[in-house]
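The values are calculated or read from the model by the stated rules, or taken from the named source; none is laboratory data. As the structure is a computational prediction, the values presented were derived from the model and not from experiment. Here the Cβ positions follow ideal geometry from the backbone for every residue, glycine too, while neighbour counts run over all protein chains shown.
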Amino acid sequence: MTALLAQSALPAAMGSGVLAHYLFVSVVMFAIGVIGFLTRRNLIIMFLCTELMFQAAGIALVAFSRYHLNMDGQTFVIFVLTVAAAEAAMALALVVLLFRRSESLDAEGWSEMRG
């Protein structure tokens, strides 16, 4: 009987102060990712900064989902993580290919590629 009651109870609502903390962490992570992506020229660091931005967006989605007691945001995060994993695999393959070709991972050297 108690197990049935425990499962039917809704979680407590998240306060707006707690939501603000999660969003602050998300904004800081996203800003670090953007700054790192724009200032670094190493392709690996640029892809890591992109992953950091994906994770920041995921934190914001989960926080809003929990705040509104709606699980749609958390479901969407699973798809975002799947896309991020596929992007990381493709990026790593591209970086390895480019490094084998020119022994450099500098993005400036690859900005003027010719076919």
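One table, with the values for the structure above:
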item: Condition met for Phe37 (farther than 26 Å from Ala107 by Cα and touching a helix residue (DSSP H, G or I) at 6+ places or on another chain (Cβ under 6 Å)); result: no
item: Scope segment 60-78; condition of a type outside the set (Val, Ile, Thr) and either within 11 Å of the chain's Cα centre (by Cα) or farther than 30 Å from Ala13 by Cβ (or both); matching residues; result: Ala60, Leu61
item: Cβ-Cβ under 7 Å pairs, at least 6 apart or on other chains, segment 53-81 side farther than 16 Å from Gly33 by Cβ, far side of a type in the set (A, V, I, L, M, F, W, C) and modelled with pLDDT under 90; result: Ser65/Met71; Arg66/Met14; Tyr67/Met14; Leu69/Leu10; Leu69/Ala13
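Matching residues to (1) of a type in the set (Asp, Glu); (2) part of a helix (DSSP H, G or I); (3) under 26 Å from Pro11 (Cα atoms); (4) over 13 Å from the mean Cα position of the chain (by Cα):
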{"site": "Ser26", "(1), (2), (3), (4)": "no, yes, yes, no"}
{"site": "Leu38", "(1), (2), (3), (4)": "no, yes, no, yes"}
{"site": "Cys49", "(1), (2), (3), (4)": "no, yes, no, no"}
{"site": "Met53", "(1), (2), (3), (4)": "no, yes, no, no"}
{"site": "Gly58", "(1), (2), (3), (4)": "no, yes, yes, no"}
{"site": "Ala85", "(1), (2), (3), (4)": "no, yes, no, no"}
